Amino acid sequence: MGAAQDPINDRVGGEEYADNIKAGDAETPLKDKAEAIENPVKNDADALENDADKVDCIPGEVKEILKSLASKWENVLDANALQVIPLKGAMTNEVFQIKWQTIAGESSRKVLVRLYGEGTDIFFDREGEVRTFEFISKNGQGPRLLRRFANGRIEEFIRARTLSASDLRDPSISALVAAKMKEFHDLDMPGPKNVNLWDRLRNWLIEAKRLASPEEVQKFHLDTMDKEISILEKELSGTHQRIGFCHNDLQYGNIMLNEETNSVTMIDYEYSSYNPVVYDIANHFSEMAANYHTETPHILDFSKYPDLEERQRFVKTYLSSSGEQPSDSEVEQLLDEVEKYTLANHLLWCLWGIISEHVNNIDFDYMEYARQRYQEYWSRKSYLLSSDESSQDNVTEGNNGKEVLTSTTSGKTVKKPRVFRKLKKLFGLSLFRSKH
């Protein structure tokens, strides 16, 4: 299947709209995340193959809207001669780059068409998402909304490229992302500014239990997961935490880089809401374990979670982007909170994977993705939380006679000395965060 020339997000990133179009949104895990990442698009020769079939993917009413838009652009040769390029990797919606030939010497006109996936309204409020999209666009933070229709929208296509997984490890690009994230968090989005995370977790748990088979309910302990959510809310919530408008899905496919201006744009706001800003940073760090442009896009490699130096550099840039240099203690405190919020992040995307398995037809192993997130939650929990009220943890006696914590995860038993938590408190979390 043909692809577009620029990596796009579908999350879709692409060219700035020549009429200003930004490409879209790439979600991760392809989430789009329910949408995920459009794979870098191949060359035009490939894209031109079977154009007739591709055009048929676009509903008739949408084609008429596209032709109407193009007819108003003086440099388009033929508004009816639109080229449709499916963008691969979307996990929730179908995303297409639409382009028209222009007069000699000018680049083609492009827009992005997003067709909403069936059943994905479980994850977010589409009307709320569009309001967010329009607000962010008006504040110069994202692409313009060109037109809406019953089951989708047409967006500006940005002249920029979607980041790759390796780009997130580039210190200069990471610094741009950190500063942009702080800018995003400072947006004064209209409406209530209440934390959304805990309600979202509980609502998704309800949906997961409704859709899951008895075997899946047992495998992921869905009947007792509400206790885990309550434990996390109690442990992680604090009056001192800064609440900001968070992207909540900032994986590499949702970040566009304009190399001429050396600036980044965050796209795809379907999961955006007010939350503790540390949760958004935790989500971004956790997404570094993913590469959605491989033969096995659902496989996560948590050894790629950023090391202490990378995390410190990101947080320092984030905090200093407002003009004041943070103290070492401020950086350390924020890092500690971020690490704890990775737990909530793993549970959320675990539930997302379980639900997506039952409502989405996109070729992605959602259930295996969910299993990995679930396993990572249990492997990290006892290290990161001061209390241990887990519904799946049991205290047993180890071979050396010392009390250990046994956590059952995906059939495996992981023993962790209780003395570990004391050392963590004494010397600092980051010294003990192992990679695997």
- Task: Would you kindly derive the ³J(HN,Hα) couplings of the stretch 280-286 from the backbone phi angles with the Karplus curve 6.51 cos²θ - 1.76 cosθ + 1.60 (θ = phi - 60°), listing them in order in whole Hz, with x for Gly and Pro?
- Result: 5, 5, 4, 4, 4, 4, 5
- Task: Search the structure for amide H atoms under 5 Å from the amide H of Arg147, placed 1.01 Å from N in the peptide plane, and list their residues when 5 or more places away or on another chain.
- Result: Ile154
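Highest mean first, how do 280-287, 157-164, 354-361, 145-152 rank when packing is the count of other Cβ atoms within 10 Å averaged over residues? Before the final figure, lay out the partial values.
Details: 280-287: 24.9, 157-164: 26.8, 354-361: 21.4, 145-152: 15.6.
Descending mean neighbour count gives 157-164, 280-287, 354-361, 145-152.
Holding the Cα-Cα limit at 28 Å, pick out from Lys227/Lys316; Lys182/Lys209; Lys138/Lys180 the pairs that are longer than that.
Details: Lys227/Lys316 34 Å; Lys182/Lys209 35 Å; Lys138/Lys180 16 Å.
The pairs that break the limit, which is 28 Å between Cα atoms, are Lys227/Lys316; Lys182/Lys209.
Taking the Cα centre of the stretch 191-341 as origin, work out the dipole magnitude from +1 charges on Lys and Arg Cβ and -1 charges on Asp and Glu Cβ, in debye rounded to 20. Mind showing how you got there, number by number?
Values: 14 positive and 28 negative charges, 100 e Å.
That gives the stretch 191-341 a dipole magnitude of about 480 debye.
Loop only by DSSP, 12 or fewer other Cβ within 10 Å of the Cβ. Give me the GluC sites (Glu not before Pro) in the stretch 290-352 that pass, ordered by residue number. Provide the component values of the computation, followed by the final result.
Details: sites: Glu295, Glu309, Glu310, Glu324, Glu330, Glu332, Glu337, Glu339; in loops: Glu295, Glu324.
Sparse-neighbourhood loop GluC sites (Glu not before Pro): Glu295, Glu324.
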- Message: I'd like the Karplus ³J(HN,Hα) series for the stretch 151-161: coefficients 6.51, -1.76, 1.60, θ = phi - 60°, whole numbers in Hz, and an x wherever there's a Gly or Pro.
- Response: 10, x, 7, 10, 10, 5, 10, 7, 7, 6, 10
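Can you send over the carbon and sulfur percentage of the accessible area for the stretch 162-259, probe radius 1.4 Å, protein chains only?
Values: 2210 of 4330 Å².
Carbon and sulfur together cover 51 percent of it.
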- Message: Using a 1.4 Å probe on the protein heavy atoms only, what accessible surface does Ser108 show? Give it in Å² to the nearest 10.
- Response: 20 Å²
- Measuring from its Cα centre, the stretch 124-175 shows a charge dipole (+1 at each Lys and Arg Cβ, -1 at each Asp and Glu Cβ) which, in debye to the nearest 20, is 200 debye
- Item | Net charge over other residues, Cβ less than 12 angstrom from the Cβ of Glu332 (K, R count +1; D, E count -1) | -3
- Excluding ligands and nucleic acids, what accessible area in Å² is computed for Asp226 using a 1.4 Å probe, to the nearest 10? 80 Å²
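In the stretch 281-385, carbon and sulfur make up what percent of the accessible area (probe 1.4 Å)? Working shown, then result.
Working: 1500 of 3640 Å².
Heavy-atom surface of the stretch 281-385 belonging to carbon and sulfur, 1.4 Å probe: 41 percent.
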- Rounded accessible area per residue of the stretch 210-328, 1.4 Å, Å²: 42 Å²
- Message: For a test of the definition: using alpha carbon positions, the gyration tensor, and the 1.5 limit on a/c, classify the stretch 304-387 as rounded, prolate or oblate.
- Response: prolate
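Ranked highest first by average number of other Cβ atoms within 10 Å, how do 237-244, 248-255, 210-217 line up?
Details: 237-244: 11.8, 248-255: 30.8, 210-217: 13.4.
Output ranking for 237-244, 248-255, 210-217: 248-255, 210-217, 237-244.
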- Stokes-Einstein D for the stretch 213-305 at 4 °C, 1.567 mPa s, Kirkwood Rh over Cα pairs, in µm²/s? 81 µm²/s
- Whole-Hz Karplus ³J(HN,Hα) for the stretch 200-215, in order, using 6.51 cos²θ - 1.76 cosθ + 1.60 and θ = phi - 60°, x for Gly and Pro? 5, 4, 5, 5, 5, 5, 4, 5, 4, 5, 5, 8, 6, 6, x, 5
- Item | Simple Cβ-charge dipole of the stretch 81-201, Lys/Arg +1 and Asp/Glu -1, about Cα centre, in debye nearest 20 | 380 debye
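The values are calculated or read from the model by the stated rules, or taken from the named source; none is laboratory data. Just so we're clear, the structure is a prediction, and the values are computed from it rather than from any experiment. Note that we place each Cβ from the backbone using ideal geometry, even for glycine, and neighbour counts take in every protein chain shown. We work out accessible area using only protein heavy atoms, side chains counted, and drop any ligands, DNA or RNA first. Shrake-Rupley method; radii C 1.70, N 1.55, O 1.52, S 1.80 Å.
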